[in-house]
Amino acid sequence: MVYTARAMSPAALPPRLRGTPMLVLSSLIFALMAFCARLTAGRIGTGQLVCARFLMGLAFLAVYFGGRRQRPRFGRPWLWAARGLFGGAAVFLYFLAIDRLAVGPATLLNCLWPLWAALFSLVFLRERVSSHLGAGLVLTTVGAGLVIWSTVRTGVALTVGLGAWAGIASAVLSGAAVTVVRALRSDTDAPTVFLSFNLFGFLFALPFAPVGWQPLDWSLLWPVLGVGVTSVVAQMLLTYALGFVSTATGGVATQLTPAFSWLLGALLLGEPILPLALVGALVCMGGVLWGTGVHLRLFAAAPAPAGPDPADP
(Lines give C-alpha, C1' and ligand atoms only; values in the text may rest on other atoms or scores of the structure.)
Protein backbone atom coordinates (compact mmCIF):
# COMPACT_ATOMS: atom_id res chain seq x y z
CA MET A 1 0.00 0.00 0.00
CA VAL A 2 1.21 3.48 -0.84
CA TYR A 3 0.99 6.81 0.88
CA THR A 4 3.19 9.74 0.04
CA ALA A 5 4.83 11.74 2.77
CA ARG A 6 8.49 12.28 3.54
CA ALA A 7 9.07 10.21 6.67
CA MET A 8 12.82 10.64 7.04
CA SER A 9 15.24 13.53 6.82
CA PRO A 10 16.62 14.21 3.31
CA ALA A 11 20.07 14.35 4.85
CA ALA A 12 19.80 10.72 5.97
CA LEU A 13 21.34 9.45 2.72
CA PRO A 14 23.80 10.88 0.17
CA PRO A 15 22.15 12.33 -2.97
CA ARG A 16 23.34 9.51 -5.24
CA LEU A 17 21.29 6.98 -3.22
CA ARG A 18 18.03 8.92 -3.21
CA GLY A 19 15.20 8.86 -5.69
CA THR A 20 15.20 6.17 -8.38
CA PRO A 21 17.75 3.81 -6.73
CA MET A 22 15.62 3.72 -3.59
CA LEU A 23 12.46 3.03 -5.62
CA VAL A 24 14.17 0.03 -7.18
CA LEU A 25 15.34 -1.14 -3.76
CA SER A 26 11.86 -0.77 -2.25
CA SER A 27 10.37 -2.81 -5.12
CA LEU A 28 12.92 -5.55 -4.49
CA ILE A 29 12.13 -5.62 -0.76
CA PHE A 30 8.38 -5.75 -1.47
CA ALA A 31 9.17 -8.75 -3.66
CA LEU A 32 11.15 -10.28 -0.78
CA MET A 33 8.07 -9.82 1.41
CA ALA A 34 6.01 -11.79 -1.10
CA PHE A 35 8.74 -14.43 -1.27
CA CYS A 36 8.77 -14.81 2.53
CA ALA A 37 4.99 -15.12 2.51
CA ARG A 38 5.23 -17.82 -0.14
CA LEU A 39 7.62 -19.81 2.10
CA THR A 40 4.76 -20.19 4.60
CA ALA A 41 2.24 -21.41 2.00
CA GLY A 42 0.34 -24.47 3.18
CA ARG A 43 2.12 -24.39 6.54
CA ILE A 44 0.17 -21.73 8.46
CA GLY A 45 -3.15 -20.03 7.86
CA THR A 46 -3.38 -16.75 5.99
CA GLY A 47 -5.07 -15.10 8.97
CA GLN A 48 -2.19 -16.01 11.28
CA LEU A 49 0.40 -14.65 8.85
CA VAL A 50 -1.49 -11.40 8.28
CA CYS A 51 -1.96 -10.88 12.03
CA ALA A 52 1.78 -11.36 12.58
CA ARG A 53 2.58 -8.92 9.76
CA PHE A 54 0.38 -6.17 11.22
CA LEU A 55 1.52 -6.79 14.80
CA MET A 56 5.07 -6.03 13.70
CA GLY A 57 3.82 -2.88 12.00
CA LEU A 58 2.09 -1.81 15.22
CA ALA A 59 5.30 -2.49 17.17
CA PHE A 60 7.22 -0.24 14.78
CA LEU A 61 4.65 2.54 15.17
CA ALA A 62 4.74 2.24 18.97
CA VAL A 63 8.49 2.85 18.83
CA TYR A 64 8.00 5.67 16.31
CA PHE A 65 5.35 7.58 18.26
CA GLY A 66 7.06 6.88 21.58
CA GLY A 67 10.45 8.01 20.32
CA ARG A 68 9.03 11.23 18.93
CA ARG A 69 6.77 11.74 21.95
CA GLN A 70 3.78 12.55 19.82
CA ARG A 71 0.26 11.24 19.50
CA PRO A 72 -1.60 10.26 16.34
CA ARG A 73 -3.54 13.14 14.79
CA PHE A 74 -6.98 12.00 13.72
CA GLY A 75 -8.97 13.94 11.13
CA ARG A 76 -12.15 12.12 10.10
CA PRO A 77 -12.48 8.90 12.17
CA TRP A 78 -14.82 7.03 9.84
CA LEU A 79 -12.66 7.73 6.81
CA TRP A 80 -9.57 6.84 8.83
CA ALA A 81 -11.12 3.50 9.79
CA ALA A 82 -12.19 2.82 6.19
CA ARG A 83 -8.58 3.22 5.04
CA GLY A 84 -7.48 0.51 7.44
CA LEU A 85 -10.31 -1.88 6.64
CA PHE A 86 -9.81 -1.58 2.88
CA GLY A 87 -6.05 -1.93 3.22
CA GLY A 88 -6.25 -4.80 5.72
CA ALA A 89 -8.68 -6.75 3.55
CA ALA A 90 -6.42 -6.13 0.54
CA VAL A 91 -3.38 -7.55 2.34
CA PHE A 92 -5.36 -10.57 3.53
CA LEU A 93 -6.52 -11.35 -0.01
CA TYR A 94 -3.04 -10.71 -1.41
CA PHE A 95 -1.49 -13.20 1.01
CA LEU A 96 -4.29 -15.66 0.20
CA ALA A 97 -3.40 -15.29 -3.48
CA ILE A 98 0.28 -15.93 -2.70
CA ASP A 99 -0.73 -19.05 -0.75
CA ARG A 100 -2.76 -20.46 -3.68
CA LEU A 101 -0.70 -19.23 -6.66
CA ALA A 102 2.95 -18.90 -7.55
CA VAL A 103 4.44 -15.74 -6.08
CA GLY A 104 4.91 -13.97 -9.45
CA PRO A 105 1.31 -14.13 -10.73
CA ALA A 106 -0.11 -13.28 -7.29
CA THR A 107 2.06 -10.16 -7.01
CA LEU A 108 1.24 -9.13 -10.56
CA LEU A 109 -2.51 -9.26 -9.95
CA ASN A 110 -2.14 -7.21 -6.76
CA CYS A 111 -0.01 -4.62 -8.56
CA LEU A 112 -2.96 -3.66 -10.78
CA TRP A 113 -4.09 -1.35 -7.96
CA PRO A 114 -2.96 1.96 -9.57
CA LEU A 115 -5.59 1.62 -12.26
CA TRP A 116 -8.36 0.92 -9.76
CA ALA A 117 -7.20 3.88 -7.67
CA ALA A 118 -7.48 6.11 -10.74
CA LEU A 119 -10.98 4.81 -11.43
CA PHE A 120 -12.16 5.29 -7.83
CA SER A 121 -10.66 8.78 -7.74
CA LEU A 122 -12.66 9.63 -10.86
CA VAL A 123 -15.93 8.35 -9.36
CA PHE A 124 -15.67 9.39 -5.70
CA LEU A 125 -13.22 12.30 -5.62
CA ARG A 126 -14.21 13.79 -8.99
CA GLU A 127 -10.58 13.91 -9.99
CA ARG A 128 -9.79 14.36 -13.65
CA VAL A 129 -8.54 11.16 -15.25
CA SER A 130 -7.16 10.96 -18.77
CA SER A 131 -9.06 9.30 -21.61
CA HIS A 132 -6.50 6.49 -21.50
CA LEU A 133 -8.21 4.98 -18.43
CA GLY A 134 -10.72 2.97 -20.46
CA ALA A 135 -8.02 1.50 -22.71
CA GLY A 136 -5.92 0.70 -19.67
CA LEU A 137 -8.82 -1.13 -18.03
CA VAL A 138 -9.33 -3.23 -21.15
CA LEU A 139 -5.62 -4.08 -21.41
CA THR A 140 -5.27 -5.04 -17.75
CA THR A 141 -8.45 -7.12 -17.90
CA VAL A 142 -7.13 -9.03 -20.90
CA GLY A 143 -3.69 -9.43 -19.30
CA ALA A 144 -5.13 -10.61 -15.98
CA GLY A 145 -7.32 -13.05 -17.86
CA LEU A 146 -4.27 -14.53 -19.58
CA VAL A 147 -2.46 -14.89 -16.25
CA ILE A 148 -5.47 -16.54 -14.63
CA TRP A 149 -6.01 -18.88 -17.58
CA SER A 150 -2.36 -19.95 -17.63
CA THR A 151 -2.34 -20.69 -13.88
CA VAL A 152 -5.70 -22.51 -13.85
CA ARG A 153 -4.60 -24.72 -16.75
CA THR A 154 -1.59 -25.91 -14.75
CA GLY A 155 -3.17 -26.38 -11.32
CA VAL A 156 -6.22 -27.50 -9.42
CA ALA A 157 -8.95 -25.25 -10.82
CA LEU A 158 -10.76 -24.57 -7.54
CA THR A 159 -7.64 -23.82 -5.51
CA VAL A 160 -5.79 -21.82 -8.16
CA GLY A 161 -8.94 -20.05 -9.36
CA LEU A 162 -9.67 -18.86 -5.82
CA GLY A 163 -6.14 -17.51 -5.55
CA ALA A 164 -6.44 -15.66 -8.87
CA TRP A 165 -9.71 -13.99 -7.91
CA ALA A 166 -8.28 -13.14 -4.49
CA GLY A 167 -5.37 -11.40 -6.24
CA ILE A 168 -7.72 -9.31 -8.37
CA ALA A 169 -9.89 -8.45 -5.36
CA SER A 170 -6.79 -7.36 -3.44
CA ALA A 171 -5.95 -4.93 -6.25
CA VAL A 172 -9.49 -3.48 -6.20
CA LEU A 173 -9.40 -3.00 -2.41
CA SER A 174 -5.88 -1.57 -2.58
CA GLY A 175 -7.11 0.97 -5.10
CA ALA A 176 -9.98 1.86 -2.76
CA ALA A 177 -7.58 2.21 0.17
CA VAL A 178 -5.27 4.54 -1.77
CA THR A 179 -8.27 6.64 -2.81
CA VAL A 180 -9.26 7.00 0.85
CA VAL A 181 -5.68 7.98 1.69
CA ARG A 182 -5.83 10.75 -0.92
CA ALA A 183 -8.97 12.06 0.76
CA LEU A 184 -7.45 11.76 4.25
CA ARG A 185 -4.13 13.47 3.60
CA SER A 186 -5.64 16.95 3.85
CA ASP A 187 -6.11 16.59 7.62
CA THR A 188 -4.34 13.40 8.73
CA ASP A 189 -0.58 12.89 8.89
CA ALA A 190 1.08 9.91 7.22
CA PRO A 191 2.07 7.97 10.41
CA THR A 192 -1.54 8.16 11.64
CA VAL A 193 -2.74 6.84 8.28
CA PHE A 194 -0.20 4.02 8.56
CA LEU A 195 -1.54 3.30 12.07
CA SER A 196 -5.02 2.77 10.62
CA PHE A 197 -3.60 0.32 8.08
CA ASN A 198 -1.93 -1.80 10.74
CA LEU A 199 -4.60 -1.56 13.45
CA PHE A 200 -7.64 -2.32 11.32
CA GLY A 201 -5.68 -4.78 9.20
CA PHE A 202 -4.91 -6.74 12.36
CA LEU A 203 -8.54 -6.57 13.52
CA PHE A 204 -9.77 -7.70 10.09
CA ALA A 205 -7.48 -10.74 10.04
CA LEU A 206 -7.97 -11.70 13.69
CA PRO A 207 -11.18 -13.77 13.20
CA PHE A 208 -9.39 -15.80 10.51
CA ALA A 209 -6.27 -16.43 12.61
CA PRO A 210 -7.50 -19.68 14.27
CA VAL A 211 -8.00 -21.29 10.84
CA GLY A 212 -4.86 -23.29 10.15
CA TRP A 213 -3.13 -21.94 13.27
CA GLN A 214 0.33 -23.46 13.82
CA PRO A 215 2.96 -22.90 16.53
CA LEU A 216 5.88 -20.96 15.09
CA ASP A 217 8.92 -23.24 15.16
CA TRP A 218 12.24 -22.02 13.79
CA SER A 219 11.40 -23.08 10.24
CA LEU A 220 8.31 -20.83 10.30
CA LEU A 221 9.53 -18.04 12.55
CA TRP A 222 12.10 -16.67 10.11
CA PRO A 223 9.81 -16.29 7.09
CA VAL A 224 7.07 -14.78 9.29
CA LEU A 225 9.54 -12.28 10.72
CA GLY A 226 10.74 -11.66 7.19
CA VAL A 227 7.23 -10.73 6.08
CA GLY A 228 6.83 -8.21 8.91
CA VAL A 229 10.26 -6.61 8.67
CA THR A 230 10.39 -6.34 4.88
CA SER A 231 6.89 -4.86 4.71
CA VAL A 232 7.83 -2.02 7.08
CA VAL A 233 11.26 -1.39 5.52
CA ALA A 234 9.90 -1.41 1.96
CA GLN A 235 7.10 1.02 2.85
CA MET A 236 9.53 3.41 4.55
CA LEU A 237 11.92 3.30 1.59
CA LEU A 238 9.09 3.94 -0.86
CA THR A 239 7.78 6.81 1.24
CA TYR A 240 11.24 8.38 1.41
CA ALA A 241 11.99 7.93 -2.29
CA LEU A 242 8.73 9.53 -3.41
CA GLY A 243 9.96 12.78 -1.92
CA PHE A 244 12.67 12.99 -4.62
CA VAL A 245 11.00 11.72 -7.81
CA SER A 246 7.88 12.35 -9.82
CA THR A 247 4.66 10.41 -9.37
CA ALA A 248 5.20 8.99 -12.86
CA THR A 249 8.53 7.49 -11.85
CA GLY A 250 6.97 6.07 -8.71
CA GLY A 251 4.17 4.48 -10.74
CA VAL A 252 6.65 2.80 -13.05
CA ALA A 253 8.71 1.53 -10.12
CA THR A 254 5.76 -0.30 -8.55
CA GLN A 255 5.63 -2.48 -11.65
CA LEU A 256 9.13 -3.76 -10.85
CA THR A 257 7.77 -5.67 -7.84
CA PRO A 258 6.03 -8.45 -9.82
CA ALA A 259 9.11 -8.78 -12.04
CA PHE A 260 11.37 -9.25 -8.99
CA SER A 261 8.80 -11.60 -7.41
CA TRP A 262 8.63 -13.74 -10.53
CA LEU A 263 12.44 -13.93 -10.64
CA LEU A 264 12.75 -14.89 -6.95
CA GLY A 265 10.06 -17.55 -7.31
CA ALA A 266 11.77 -19.05 -10.36
CA LEU A 267 15.33 -18.99 -9.00
CA LEU A 268 14.75 -19.89 -5.35
CA LEU A 269 11.50 -21.85 -5.35
CA GLY A 270 11.67 -23.49 -8.77
CA GLU A 271 8.29 -22.05 -9.78
CA PRO A 272 7.69 -22.32 -13.54
CA ILE A 273 7.57 -19.25 -15.75
CA LEU A 274 4.77 -19.95 -18.23
CA PRO A 275 4.94 -18.18 -21.61
CA LEU A 276 1.23 -17.30 -21.56
CA ALA A 277 1.51 -15.88 -18.05
CA LEU A 278 4.49 -13.76 -19.10
CA VAL A 279 2.51 -12.35 -22.04
CA GLY A 280 -0.33 -11.56 -19.66
CA ALA A 281 2.10 -9.90 -17.25
CA LEU A 282 3.44 -7.62 -19.96
CA VAL A 283 -0.08 -6.72 -21.08
CA CYS A 284 -1.07 -5.95 -17.48
CA MET A 285 1.95 -3.72 -16.89
CA GLY A 286 1.34 -1.92 -20.17
CA GLY A 287 -2.31 -1.42 -19.23
CA VAL A 288 -1.41 0.09 -15.86
CA LEU A 289 1.12 2.47 -17.39
CA TRP A 290 -1.22 3.44 -20.23
CA GLY A 291 -4.33 3.78 -18.09
CA THR A 292 -2.72 6.01 -15.51
CA GLY A 293 -1.07 8.18 -18.16
CA VAL A 294 2.45 7.43 -16.95
CA HIS A 295 3.72 7.00 -20.51
CA LEU A 296 2.67 10.55 -21.39
CA ARG A 297 4.59 12.06 -18.51
CA LEU A 298 7.66 9.90 -19.02
CA PHE A 299 8.04 10.66 -22.71
CA ALA A 300 6.76 14.23 -22.75
CA ALA A 301 9.09 16.69 -24.42
CA ALA A 302 11.24 18.56 -21.93
CA PRO A 303 14.16 21.00 -22.25
CA ALA A 304 17.58 19.48 -22.05
CA PRO A 305 18.86 19.62 -18.47
CA ALA A 306 21.77 21.89 -17.69
CA GLY A 307 23.41 19.17 -15.62
CA PRO A 308 22.71 16.19 -13.38
CA ASP A 309 20.02 16.68 -10.74
CA PRO A 310 21.52 15.71 -7.39
CA ALA A 311 18.05 15.00 -5.97
CA ASP A 312 17.29 12.23 -8.48
CA PRO A 313 20.48 10.61 -9.78
Discussion item. Being at pLDDT 80 or above, among the small types (G, A, S), farther than 28 Å from V279 by Cβ and crowded, with 24+ Cβ neighbours inside 10 Å is the requirement here; does G87 meet it?
Written reply: yes
Discussion item. Can you tell me which of (1) open to solvent by 20 Å² or more (accessible area, probe 1.4 Å); (2) modelled with pLDDT under 95 is the one F92 doesn't meet?
Written reply: (2)
Discussion item. Restricting to the range 51-80, count the residues that are within 25 Å of V227 (Cβ to Cβ), touching a residue at least 40 places away in the same chain (Cβ under 8 Å) and assigned to a helix (DSSP H, G or I).
Written reply: 13
Practice prompt. Can you confirm whether the range 277-288 contains a residue that is out of contact with any Asp or Glu (no Cβ under 7 Å at 6 or more places or on another chain), over 25 Å from A118 (Cα atoms), surrounded by fewer than 18 Cβ atoms within 10 Å (Cβ to Cβ) and modelled with pLDDT of 80 or more?
Written response: no
Fill in: Selection from the range 216-264 of residues that are among the β-branched types (V, I, T), at pLDDT 85 or above and either out of contact with any helix residue (DSSP H, G or I) (no Cβ under 8 Å at 6 or more places or on another chain) or open to solvent by 30 Å² or more (accessible area, probe 1.4 Å) (or both)
V229, V233
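The values are calculated or read from the model by the stated rules, or taken from the named source; none is laboratory data. No experiment lies behind these values; they were computed from the predicted model shown. Counting neighbours? That spans all protein chains shown, and the Cβs are built from the backbone with ideal geometry, glycine included. The protein model used for the area step is the full one, side chains on, heavy atoms only, and it has no ligands, DNA or RNA in it. Shrake-Rupley method; radii C 1.70, N 1.55, O 1.52, S 1.80 Å.
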